[in-house]
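Everything below concerns the one structure shown next.
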Amino acid sequence: MLSIPVSQLIFSHVTSLNYANRSIIDTSGTMTQFRWNYPCSVVHNQINHTSYLVEDSLSSRIIKIVHAQVPHERDQISVWGIMTNLSLGHLLLVPERHRTRQYYLIASSRREIYSFSEDGRRTHLAGAPSGSAQYANGHGPESRFAKIDAIAMDSLGRLLIADSNNHCIRRLTVNDTRDTIVTTMAGSTRIGFLDHVDPLLAEFRFPGGICMDPQDNCFVSDTGNHRIRRIDSITGLVTTIVASGEMSITPAIGYDHHDPPTVFLSSPRQIVYEHTNNGLFVLDSNSNRIQFVSLMNGQLITVAGTTMNGYVDGPGHQAIFKDIGGIALEKIEPLPGWISDVAAHPPFLTWPPGLFDIIDSYIPRTILLLVADYFNGTVRRVELVIS
């Protein structure tokens, strides 16, 4: 699909998914009163869009929410897993290739990575608990990390790891014998800021987010440098794609539209690739905002949030969060009438190859994001339209 530069945010609205006064059956079969206990990460089922998982940090539970399929019915809530022996760890979940029921979890404070399946099986892949930050490549159990903040998966099934306090990007590969090998993909333990043709000579400062595009190019939230970096999938070239490198939390007035090179970010963390507009949704942690960065021209749009801490639903530029823990892409769908109106015309069947892709790239779409609002103890949905 051909993409065009992002021009404007047409609409943005934030609502809370309120599950107060609901009961939940835990893994022991006991019915208990449900309440969030600092949700810190969220991942959506990208296969059928019917459910999502939330890591509830202080209770060490993974909560599964199944969307109601009939109007006026309520979503179903259940405990998907309990990580009792990882209660001190911050867990993140990444679906494997979006086509299986296998997930990966980070026990951040324990500096370990696990795979976790829906039937409750957990497998240790890499890292080991240690009293101090360490750095070592090698076989999974022998590898060491300093602080794992984010992971992503490429098309070959390899995990890319943002090893924040080691200031580098690591790679975990599973070989034919199911053995795991950890190597360094970009950066070193040297803190700084440097783009480079040799990825191992590039420098980062506390990288806190990572994602991939369909071509396996890797995008990194270089949190301490207030920049978004790109690692080329073929050459390994590390470049800076957006931000001035200066922290800014200037209050949003309406919707911000910044053009390069005056783009400011404030400690960006989690990032999510969105293919229809060829851009990144960025969790801008210090400003409590969700930003969208166009990869076509570097344009930055504030999608939701202000620089204030609090709890307010409503239009995106008025909504307020309190320490967003994670974001996930829930669903992308055309605005009602657009696809059906175009496809209904007979010339559609005889258009030259590729022409419909060009028309399709101009069709505005409704995008739904899920947000784990950590200190507000809730999960919220951002509905937006970008044209």
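Overview of results
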item: Long-range amide H partners of Asp154 with built H, under 5 Å; result: Leu160
item: Integer Hz, Karplus 6.51/-1.76/1.60 couplings in order for segment 304-317, x for Gly and Pro; result: 7, x, 10, 7, 8, 9, x, 9, 9, 8, x, x, x, 6
item: Packing-based order for 302-312, 232-242, 157-167, using average beta carbon neighbours within 10 Å, highest first; result: 157-167, 302-312, 232-242
item: Ala133/Ser387 FRET efficiency (R0 56 Å; Cβ-Cβ; nearest 0.05); result: 0.80
item: Computed over segment 130-244: relative contact order in percent, which uses C-alpha pairs under 8 Å that are six or more apart; result: 19 percent
item: Amide hydrogen neighbours beyond the local backbone of Leu17, cut-off 5 Å, H modeled; result: Val379, Arg380, Arg381
item: Rounded to whole Hz, the Karplus (6.51, -1.76, 1.60) HN-Hα couplings of segment 135-140, x for glycine and proline; result: 9, 7, 8, x, 4, x
item: For segment 144-160, 3J(HN,Hα) per residue [Karplus equation, 6.51 cos²θ - 1.76 cosθ + 1.60, θ = phi - 60°, Hz, x = Gly/Pro]; result: 9, 10, 9, 7, 8, 9, 7, 9, 8, 10, 8, 5, 8, x, 8, 8, 9
item: For Cys168, distant residues with modelled amide H under 5 Å away; result: Asp163
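No value in this document is a laboratory result; all are computed from the given coordinates. Here the structure is a predicted model, which is why all the values come from computation and not from measurement. Virtual Cβ from ideal backbone geometry, glycine too; neighbours counted across all protein chains shown.
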